[in-house]
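Trainee: My structure is below; once you've seen it, I'll send some questions.
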Amino acid sequence: MIEIRQSPLKEPPIFNAFRTALLRDELLRNGDFRRYWSSAIINGVGSYVSALAIPLCAVLMLHASPAQMGMMGAAVAMPYAVLALPAGVFLDRNRKLPILLTSKAVQALSLLSIPLVWWLNLLTMEWLYVVSFIAGSCAVVGGGAEVVFLTNMIGRDKLTDAQAKFTATDSVARLVAPGFAGVLIQWLTAPYAVLLNAIGFVVSIALLRNVTASDPKPPPSDKHPLRDIQDGIVFIWRQPLLRTLAWASGCWHMLFYGFGALQVIFATRELGMSAGMLGVAQMIGGLGVLVSSLLLKPLTRRYGPVGAMLTGMGLCAFAYTVTPLIPANLFGYPLASAMVCAAMSFFLDCGVMLFLMPYTTMRQKVTPDAYLGRMVSTMRFLTVSVAPLGALAAGYLGEHFSVRAGLGCVAAGGIVLMLLLALSPSVRQKT
């Protein structure tokens, strides 16, 4: 009897290459980090859909004015003024993972309410203000828990590598999600497109429930919460780098939220861009995120984290300056204007990531574990709590003068801020 022996199937080379890369990368060998990273990718895709769908709900369906768009932007940032300081104490006194999971559940429910009330013909700008406020609240509490949980899970020495990975996958999400969102919005209408983000939060909860990293409850504190809040503020004030990053990031957030309050109105009403065209423009922005992920490490090696941060701030200022100068029919073609707008989205997104990633890493490296929660929340209070002023001011200028005038003021502020930060003594010592 002849025995027929089957040779083992050979795996495709791509699988071997993937396995080799996985074994070489210490972070990727960590199963908890892979789950955390997968959760971040899913939430990133969903957030880009909502970032396009919710403003379009306001502008196209509810016919929001510039002032109302400013109020919606302010509603997102307002929780940083109200909740950031107590959230820091709360985080330093409790386990982080349950807080993280709860915040994602609340956010999923708030997003699910948008298509429901639209179906019931009850959607109003006031409802979007509430949803925006809930999203900001979850970002304050749950976002702070994410930052601290990640730092405890992988250690400070791997933060730059982790941020580079997050930026790379975020760029892919930014490339795919907005175009997908544009199709969804035109097919299902904007309120129902938000469902994708809500479903993403549910999947994210399922992934993070399987994380096995140690998340011990901090030892009980006998200090009054107000004393802990005071200690967090004093710690930042006495640290020159954190003090400088606080005022610089605060000004940056005011400008960024001011620009965001007018961006969709400018694109749709001044340039005549459709939802699909806006989706394509944001996809081009995703290329900017991808480029920033490739530039982050070499820029940091050559010029330090401060140099990378200043580069990002300069790119933001460039995008702020050029955007209000785009005519409605460049060279007689509306499509040419839309293409320039998309290019500015590329520079802005690249600049945003090159600013935020070094900023986040620098502040965590100089903060001891006992202060991490309070530092993150206090910095958010000091920086993002002023963002409503930028959104409201831009909305006021757009309402009483013109949308271009509001964007022009944002551009002037971006240039001045970049120069002030470059000349700051504590920053120059770090370069």
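The values are calculated or read from the model by the stated rules, or taken from the named source; none is laboratory data. In this text the structure is predicted, and so the values were computed from the model without any measurement. With ideal geometry, Cβ positions are generated from the backbone for all residues, glycine too; neighbour counts draw on all protein chains shown. Surface accessibility is based on the protein's heavy atoms, side chains included, excluding ligands, DNA and RNA. Shrake-Rupley method; radii C 1.70, N 1.55, O 1.52, S 1.80 Å.
Trainee: Condition check: closer than 30 Å to ASN121 by Cβ, assigned by the TED database to the domain that holds PHE90 and not hydrophobic (A, V, I, L, M, F, W, C). Does GLY179 satisfy that?
Mentor: Values: closer than 30 Å to ASN121 by Cβ: yes; assigned by the TED database to the domain that holds PHE90: yes; not hydrophobic (A, V, I, L, M, F, W, C): yes.
It is true that GLY179 is closer than 30 Å to ASN121 by Cβ, assigned by the TED database to the domain that holds PHE90 and not hydrophobic (A, V, I, L, M, F, W, C).
Trainee: Right, something else. Whether any residue in the stretch 317-327 is closer than 18 Å to ALA168 by Cα and within 18 Å of the chain's Cα centre (by Cα) is what I want to check.
Mentor: No; the residues of the stretch 317-327 include none that is closer than 18 Å to ALA168 by Cα and within 18 Å of the chain's Cα centre (by Cα).
Trainee: Restricting to the stretch 140-157, give me the number of residues that are more than 18 Å from THR212 (Cα to Cα) and modelled with pLDDT of 75 or more.
Mentor: Number satisfying all stated conditions: 5.
Trainee: Mind checking which residues of the stretch 245-273 are part of a helix (DSSP H, G or I), more than 19 Å from PRO388 (Cα to Cα) and open to solvent by 10 Å² or more (accessible area, probe 1.4 Å)?
Mentor: THR268, ARG269, GLU270
Trainee: Now for a different question. Go through the stretch 176-206 residue by residue and tally those that are open to solvent by less than 50 Å² (accessible area, probe 1.4 Å) and of a type in the set (A, V, I, L, M).
Mentor: Selection size over the stretch 176-206: 9.
Trainee: Go over the candidates ALA193, ALA198, ALA246 one by one and state the one that is within 25 Å of the chain's Cα centre (by Cα), farther than 27 Å from SER113 by Cα and not hydroxyl-bearing (Ser, Thr, Tyr). It would help to see each step written out before you state the result.
Mentor: Numbers: ALA193 fails: farther than 27 Å from SER113 by Cα; ALA198 fails: farther than 27 Å from SER113 by Cα.
Going through ALA193, ALA198, ALA246 in turn, the sole match is ALA246.
Trainee: Still on this structure: Could you grab me the full set of residues in the stretch 100-116 that are open to solvent by less than 30 Å² (accessible area, probe 1.4 Å) and either touching a residue at least 60 places away in the same chain (Cβ under 8 Å) or touching an Asp or Glu at 6+ places or on another chain (Cβ under 7 Å) (or both)? Working first, answer last.
Mentor: The first filter runs over the stretch 100-116 and keeps only residues open to solvent by less than 30 Å² (accessible area, probe 1.4 Å), leaving 100, 103-104, 108, 110-111, 113-115.
LEU100, LYS104, ALA108, LEU111, ILE114, PRO115 - these are the residues of the stretch 100-116 that are open to solvent by less than 30 Å² (accessible area, probe 1.4 Å) and either touching a residue at least 60 places away in the same chain (Cβ under 8 Å) or touching an Asp or Glu at 6+ places or on another chain (Cβ under 7 Å) (or both).
Trainee: Hey, another quick one. Determine, yes or no, whether LEU62 is out of contact with any Lys or Arg (no Cβ under 7 Å at 6 or more places or on another chain) and open to solvent by 30 Å² or more (accessible area, probe 1.4 Å).
Mentor: On the way: out of contact with any Lys or Arg (no Cβ under 7 Å at 6 or more places or on another chain): yes; open to solvent by 30 Å² or more (accessible area, probe 1.4 Å): yes.
Yes: the conditions hold for LEU62.
Trainee: Still on this structure, I have one more. Can you tell me which residue within the stretch 355-400, out of those that are under 11 Å from TYR257 (Cβ atoms) and of a type in the set (A, V, I, L, M, F, W, C), is modelled with the lowest pLDDT?
Mentor: By that ranking, first place goes to VAL384.
Trainee: Output yes when any residue across the stretch 352-370 is free of Cβ contacts under 8 Å to residues at least 60 places away in the same chain and either among the polar types (S, T, N, Q) or in the same structural domain as PHE256 (by the TED database) (or both), and no when none is. It would help to see each step written out before you state the result.
Mentor: Restricting attention to the stretch 352-370, the residues satisfying the condition of being free of Cβ contacts under 8 Å to residues at least 60 places away in the same chain are 356, 368.
Keeping just the survivors that are either among the polar types (S, T, N, Q) or in the same structural domain as PHE256 (by the TED database) (or both) gives 356, 368.
Yes, the stretch 352-370 contains at least one residue that is free of Cβ contacts under 8 Å to residues at least 60 places away in the same chain and either among the polar types (S, T, N, Q) or in the same structural domain as PHE256 (by the TED database) (or both).
Trainee: Right, next: When only residues in the stretch 84-99 that are open to solvent by 50 Å² or more (accessible area, probe 1.4 Å) and in a helix (DSSP H, G or I) count, which is nearest to SER214 (Cα to Cα)?
Mentor: To start, the set of residues in the stretch 84-99 that are open to solvent by 50 Å² or more (accessible area, probe 1.4 Å) comprises 86, 90, 93, 95, 98.
Imposing the further condition that a residue be in a helix (DSSP H, G or I) reduces the set to 86, 90, 98.
Details: PRO86: 24, PHE90: 18, PRO98: 13 Å.
Among them, the one singled out is PRO98.
Trainee: Also, quick follow-up: In the stretch 75-83, is there at least one residue being open to solvent by less than 60 Å² (accessible area, probe 1.4 Å) and outside any helix (DSSP H, G or I)?
Mentor: As a first pass, look at the stretch 75-83 and keep what is open to solvent by less than 60 Å² (accessible area, probe 1.4 Å): 75-77, 79-81, 83.
Adding the requirement that they be outside any helix (DSSP H, G or I) leaves none.
So far as the stretch 75-83 goes, no, none of its residues is open to solvent by less than 60 Å² (accessible area, probe 1.4 Å) and outside any helix (DSSP H, G or I).
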